[in-house]
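Here's the structure, in structure tokens; my notes come after.
Readers should treat all values here as calculations from the given coordinates under stated rules, not as data from a laboratory. Just so we're clear, the structure is a prediction, and the values are computed from it rather than from any experiment. Cβ placement follows ideal geometry from the backbone for every residue including glycine, while neighbour counts extend to all protein chains displayed.
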Amino acid sequence: MSAHATPRPGIPADETDAHTWTGRARQWLLKKLPPDKLLPEDQPSYVASWAYVFGMGAIASLLWIIISGIVLGLNGPQWYHVSSLGSFVNSTHLWSVELFFIFMVVHLWLKFWMAAWRGGRVLTWITGVLSFVVSIVAAFTGYLLQTNFDSQWIAFEAKDALNAVGVGAWFNVANVGQLFAWHITLLPLAVGAVVVLHVLLVRVHGVAPPLEAAESDAQLLHHRPESTQSPESTESRDAVR
Amino acid sequence: MTRKSSSISWRKTDDLASRPWTGSVREYDLIKELIIGVVVVGLLVLGVSAIFGSPDEPSVSLKAWATAAPADFVATATKELAGTSDSAGYGPPYNPTPDASQKIGPVDLQSLSGVRLPVDNGNDFVIAPLATLPSPPADLALWTAATDQQRSDWAAAYSIALAAAPDNDPAKVADGDYGPAPALTGALLDMARQGSLDGVLQNGGNFYNTDYTRSLLFLGDGSYFPGLAASQHLSGDQWGVMNETGDTPGQSWLWLFSLLYQVEPFKSAANADALVVVTMLVLTALLTFLPFIPGLRSLPRKIPLHRLVWKDYYRNR
């Protein structure tokens with residue numbers, strides 16, 4: 001190990017001098033997503049509309065889906081048929097899923113009309129659509145796991161679509177053991193991973209500016225980087241909070 | 001000063017959308033918004049759950065089927081013996097029935113897997129379960145000793161006779177050469193009514209089982225189970241899988257998938273399932289890669305709904 005690679009106690013390592021894989025990974029991560037971008041305390045003044053709450057609503061719903069899902073999973077698939085508490089937890093699982101999809105669909109439509117893929121944000125768009133698609137599969141396996149009439153009938157109907165494209169032989173909707181693996185491990189992990197990536201990408205690239213925003217806009221003209229505290233920014237903060 | 005409309009492109013260039021925002025900002029608390037979101041959504045979930053609950057219609061057992069619709073049960077068991085039920089002629093992944101798979105042009109995705117979940121309908125649904133009885137019916141030996149042709153002739157003749165009988169009642173079937181088919185299907189009906197067929201068909205003699213493929217295929221070959229689904233607005237022509245029993249919304253996000261089954265050319269196509277799935281895959285790909293598709297990606301500028309979202313910003317420009 002070279003002498004200059006070992007920082008002296010109390011002195012931060014020089015980030016420009018990283019030469020190990022780990023150091024370079026840290027350097028890249030910190031450059032892409034410094035802490036103040038990951039956990040920001042301000043946002044551009046145009047981020048002031050109800051249109052912006054639906055993404056967070058979807059994340060909040062997903063947390064409730066996971067919490068209620070863990071309770072249901074730990075008690076086994078038959079519990080909610082015979083317990084009033086189980087039935088209520090099952091209802092919260094169902095309705096948090098319904099809300100999750102409502103929030104997600106509204107969020108998706110809004111981001112379409114806002115053309116939110118602009119300026120290098122295309123991967124944010126793609127991960128958003130992917131999280132929607134994977135969530136549909138996750139919800140579908142949940143409906144199949146109900147172990148009641150609905151799951152019986154949905155399995156009977158859905159097998160034809162899956163078999164027609166050669167998937168049903170491996171993804172067998174009538175095999176409850178397989179569905180458990182998909183619904184309580186693989187698909188939640190997939191949804192979680194895609195959603196985390198999506199949120200990190202939003203933080204990396206920031207929120208897309210208005211479609212018709214221009215350099216001549218007052219919000220930009222009166223607030224150049226060199227001016228630390230313009231009257232405009234103070235007014236904007238006051239107006240929001 | 002003239003205002004130049006910003007690009008709709010996904011590319012990172014030197015325009016305003018590509019650079020970090022240097023204009024005015026507002027205070028924002030990410031953690032606070034998350035906590036408020038979780039609390040508000042949590043209250044909403046608890047409230048809606050308390051008011052509407054969730055549907056939990058009990059599953060249908062073979063015992064319930066045999067008890068409620070014995071004629072349908074016997075007719076279905078006979079079709080399984082004759083090899084004329086829906087699932088007996090299904091093709092992959094259950095059996096190798098020729099020309100049964102759904103193709104798109106020359107592409108036969110259904111057959112790619114081969115017979116990976118083999119189901120031998122007559123044997124698996126009728127003969128093997130009867131053989132597990134403490135006293136199997138004597139006619140079982142007659143059936144197993146017969147040739148394939150003889151078996152299908154017996155079962156086919158009995159199937160036709162059942163369809164012609166008043167109320168399809170096995171007790172009112174005209175005399176004919178049905179071999180052991182009536183005795184075997186009658187014994188299976190008794191077995192199902194007593195509740196033992198459910199267990200035998202599901203676990204095949206094992207203690208554990210999580211695979212319901214055979215029970216579900218047998219149930220679906222009859223008309224009792226699909227009839228129950230139709231009475232709950234769950235049939236394919238009633239928007240099928242996106243619905244749920246009762247008045248809860250079900251999988252409403254599958255609306256486009258279900259819609260395709262309701263319209264031509266999908267509706268009457270023999271390969272409707274394959275066509276619908278492939279169409280949905282294409283549409284999903286279009287949505288995923290929409291930022292790269294000229295025309296579609298320009299819609300937000302041509303139909304400027306964004307002005308509603310950013311009306312405060314535009315007003316203060």
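Convex hull over the alpha-carbon atoms of region B:55-117: what's its volume per residue in Å³?
Measuring per residue, one finds 143 Å³ for the Cα hull of region B:55-117.
Return the distance in nm (one decimal) between the two label points of a simple spin-label model at B:Leu256 and B:Lys302, each offset 7 Å from Cα along Cα→Cβ.
1.8 nm
Normalized C-alpha radius of gyration of region A:117-207, against 2.2 N^0.38 Å?
So the Cα radius of gyration is 1.32 times the expected 2.2 N^0.38 Å.
Return P(r) of chain A (all Cα-Cα pairs; 10 Å bins starting at 0; whole %; ordered from short to long distances).
Cα pair-distance distribution for chain A, in percent: 6, 22, 24, 20, 16, 9, 2.
Please check chain A for the longest run free of GluC sites (Glu not before Pro) that are loop-located per DSSP (anything but H, G, I, E, B) and have at most 11 other Cβ atoms within 10 Å.
A:42-225
Taking the Cα atoms only, what angle lies between the long axis of helix A:84-113 and the longest principal axis of chain A, rounded to 10 degrees?
Tilt of helix A:84-113: around 50 degrees.
Can you sort A:Arg118, B:Arg317, B:Arg297 from fewest to most other Cβ atoms within 10 Å of each residue's own Cβ?
Fewest to most other Cβ atoms nearby, the residues stand as B:Arg317, B:Arg297, A:Arg118.
Please list 3J(HN,Hα) in residue order for region A:44-53, calculated via the Karplus relation 6.51 cos²θ - 1.76 cosθ + 1.60 where θ = phi - 60°; whole Hz, with x for glycine and proline.
x, 4, 6, 7, 8, 7, 4, 4, 8, 8
Given a Förster distance of 60 Å, report the FRET efficiency between A:Leu85 and A:Asp17 from their Cβ-Cβ distance, rounded to the nearest 0.05.
My answer for the efficiency is 0.55.
Reported to two decimal places, what Rg/Rh ratio describes region A:73-113 when computed on Cα atoms with Rh from the Kirkwood expression?
Rounded to two decimals, Rg/Rh equals 1.26.
In terms of Cα to Cα distance under 20 Å, which aspartates and glutamates are near enough to B:Lys12, apart from those fewer than 8 places away along the same chain?
A:Glu212, A:Glu215
Between A:Asn75 and A:Ser216, what is the label-point separation in nm under the 7 Å Cα-to-beta-carbon projection?
It works out to 6.4 nm between the two label points.
Which entries of A:Lys37/B:Lys32; B:Lys63/B:Lys172; B:Lys32/B:Lys311; A:Lys31/A:Lys111 have Cα-Cα distances beyond 20 Å here?
Too far apart for the 20 Å limit: B:Lys63/B:Lys172; B:Lys32/B:Lys311; A:Lys31/A:Lys111.
Extending each Cα 7 Å along its Cβ direction at A:Trp28 and B:Asp175, get the distance between those two points in nm, one decimal.
The two pseudo-label positions are separated by 8.7 nm.
Compute the helix-to-body angle for B:70-82: its Cα long axis versus the longest principal axis of chain B, expressed 0 to 90° and rounded to tens.
For B:70-82 against chain B, the angle is about 80 degrees.
Quick one: compute a quarter of the convex hull surface over the Cα atoms of the protein assembly as shown and quote it in nm².
If you wrap the Cα atoms of the protein assembly as shown in a convex hull and average its projections, you get 35.4 nm².
By what distance, in whole Å, do the Cα atoms of chain B stretch along each of the three principal axes, largest value first?
Answer, in whole Å and largest first: 97, 51, 38 Å.
Any idea what angle helix A:187-205 forms with the longest principal axis of chain A, computed on alpha-carbon atoms, 0 to 90 degrees, nearest 10?
For A:187-205 against chain A, the angle is about 20 degrees.
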